[in-house]
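Data first, discussion second: the structure below is written as structure tokens.
We did not get these values from a lab; they are worked out from the coordinates using the rules stated. These figures come from a predicted structure and were not determined experimentally. Glycine also receives a Cβ, built like all others from the backbone with ideal geometry; neighbour counts cover every protein chain displayed.
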Amino acid sequence: MNGPDGLDSALARALAFLGEAQLPSGEMPVLASTDPTLEERAELDPSIFPTALAAHCLSFCAEAAPIAARAHDFLLGEMDGDGLWKHWTGDHPHAATLPPDLDDTSCSSAVLAQAGRTVPDNRALLLANRDGRGRFFTWVVPRPRWTRVRHMRLVLRQLLHLPTLVMFFRLTSAKPFDVDACVNASTLHYLGRFDRDEKVIAFLLGVLRERRERQCDKWYENPFVVRYFLSRALAGRAPEAGPLITARTAAEPATSSLEHALAACALLDWGGDASSHIDALLAAQAPDGSWRRAALYHGGRARLRSGGFAEPHPDTPRWGSEAITTAFAAEALARWRARAGEGA
């Protein structure tokens, strides 16, 4: 099934679906629901992060260039003047309650830079947003320490809306000093090499060595999702991560198309055999070219004194959609096709 003709056909149908699903703004639709399966109570939730991820996925497939270009336009339209992004779009009813974050900012910046689109130089702002151990904070907010002037100006402006900021951290699981592994991985992926980058690499390697994929990030608990982000960041930077990621991925069976796609991509980062995951994706593709929705991330969970996390509250929202699963599947299929072409 995963021969050239089958891959070309599956990709063509996937891209046709994504072209139809993409909103006029260029946003890839994402659903939010308190149902972990996203099958009930799911509603559209205008958000930036899923489109940034989808645009990255589509960068591996030349045929997806028109869809990716519209996604890039959307991301640029949601960027603030400092080259930062929030999770929700500017017209979302709750957008004003959010501070900028490094997850949305790093993923959006990376995909736009790869596409040659112009983004304000935000590297210094991100590098100023680190703790004493060299790890990146998730949120760009005022802190009780002096940083570079540009960063101080940015965060001090938030004091004009201090009551809103305080309520955000009081009413949600987010906290000003959050340090999350996937957020650090995405920031490392975007920034490349920088002063003290070995601190972030060591942090991510520690997660893998200690098998803490389910307990390393407030917003992600699916180990396939976590390994995707860590693998993307560490490939070419930390060779010792390869055997850990490939062995763990091979040992844990995927239970959804999203997990099959993420597993295939992580294996391909290290030259692994992703054929079983590709076969599973080809077999599961729907007639309209899509793959079934599944939750990619959620609205957070309480951090325990031990450093791990509690289970998400039953009312915690989760995000995902057919479009997002299909984008990851398209990345896996396009990369598998490219590798098969290299070996031909």
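Within the listed set Gly116, Gly289, Gly83, the residue fluctuating most in the Gaussian network model of the chain (springs between alpha-carbon atoms under 10 angstrom) is Gly116. Taking only alpha carbon atoms, region 46-89 gives an Rg to Rh ratio of 1.00, where Rh is the Kirkwood radius. Put the Cα centre of region 189-242 next to the Cα centre of region 1-63 and the gap is 24 Å. Residue by residue, region 308-315 carries 3J(HN,Hα) couplings of x, 9, 6, 5, x, 4, x, 8 Hz when phi is fed to the Karplus relation 6.51 cos²θ - 1.76 cosθ + 1.60 (θ = phi - 60°); x denotes Gly or Pro.
Calculation over all alpha carbon pairs of region 1-103 in 5 angstrom steps from 0 returns a P(r) of 2, 12, 19, 20, 17, 14, 9, 4, 2, 1 percent. Here, region 52-173 yields an orientationally averaged convex hull projection of 8.5 nm² when only Cα atoms define the hull. For the chain, the dipole from Cβ point charges (+1 on Lys and Arg, -1 on Asp and Glu) about the Cα centre works out to 1660 debye, to the nearest 20.
Within the listed set Ala332, Ala95, Ala71, the residue fluctuating most in the Gaussian network model of the chain (springs between alpha-carbon atoms under 10 angstrom) is Ala95. Mind pulling the angle between the C-alpha long axis of helix 197-209 and the longest principal axis of the chain? Nearest 10 degrees, somewhere in 0 to 90. Between helix and principal axis, roughly 60 degrees. Ignoring aspartates and glutamates fewer than eight residues from Lys86 along the same chain, the ones with Cα atoms less than 13 angstrom from its Cα are Glu78, Asp101, Asp103, Asp104. Between Glu322, Glu331, Glu63, the Gaussian network model of the chain with springs among Cα atoms under 10 angstrom shows the greatest mean-square fluctuation at Glu63. Summarised in one figure, the compactness ratio Rg/Rh of region 4-343, Cα atoms and Kirkwood Rh, is 0.94. What the phi angles of region 247-256 give under the Karplus curve with 6.51, -1.76 and 1.60, with θ = phi - 60°, is a coupling list of 5, 5, 5, 5, 7, 10, x, 6, 10, 8 Hz, glycine and proline written as x.
In this structure the amide hydrogen of Phe309, modeled in the peptide plane, comes within under 5 Å of the amide hydrogens of Leu304, none closer than 5 places in sequence on its chain. Rounded to whole numbers, the Karplus 3J(HN,Hα) couplings from phi for region 54-70 are 4, 5, 5, 4, 6, 5, 8, 10, 4, 5, 8, 3, x, 5, 4, 4, 5 Hz, using 6.51 cos²θ - 1.76 cosθ + 1.60 with θ = phi - 60°, and x at Gly and Pro. Relative to the dominant Cα principal axis of the chain, helix 322-343 is inclined by about 60°.
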